[in-house]
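The values are calculated or read from the model by the stated rules, or taken from the named source; none is laboratory data. Everything quoted here is computed from the prediction, not taken from an experiment. Virtual Cβ from ideal backbone geometry, glycine too; neighbours counted across all protein chains shown.
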Amino acid sequence: MENSEPPAATGRNCGVGISLVWDASIGTLAVHSVEPAGSAGRSGLVLEDDIVCEVDGINVTGQPLDIVDSLVRGKEVRFLVESISLITYQIIW
């Protein structure tokens, strides 16, 4: 899925207790903040600045926040996240 317009630059809560932001320097979505009481925060696996690579097997690199939000909100999902510690892992909520 190609999108010629750059994604929105503002963060958006994605329903699992994370706020994502478009990181233009690397052309992808990054975790802007983690809500400690949310499922992501309780897992202890997601950190600020982690990169969201996939949601339920769908590559979201370069996708706008609206697309990722629609994949995440209101259901159990699998994330493939590249951590700032250079470890890639899957998270299921």
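Tabulated data
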| quantity | calculated |
| --- | --- |
| Number of positions in the stretch 29-43 that are more than 13 Å from residue 19 (Cβ to Cβ) and hydroxyl-bearing (Ser, Thr, Tyr) | 2 |
| Residue list for the stretch 39-57, restricted to those being surrounded by 15 or more Cβ atoms within 10 Å (Cβ to Cβ), within 16 Å of residue 71 (Cβ to Cβ) and of a type in the set (Gly, Ala, Ser) | 39, 40 |
| Test: residue in the stretch 26-36 that is assigned to a loop (DSSP other than H, G, I, E, B), surrounded by 19 or more Cβ atoms within 10 Å (Cβ to Cβ) and at pLDDT 85 or above | no |
| Hey, residue 57 at pLDDT below 85 and at positive phi or not | no |
| The lone exception for residue 49 - which of (1) over 11 Å from the mean Cα position of the chain (by Cα); (2) at pLDDT 80 or above; (3) of a type in the set (D, E, K, R); (4) assigned to a loop (DSSP other than H, G, I, E, B) it fails | (1) |
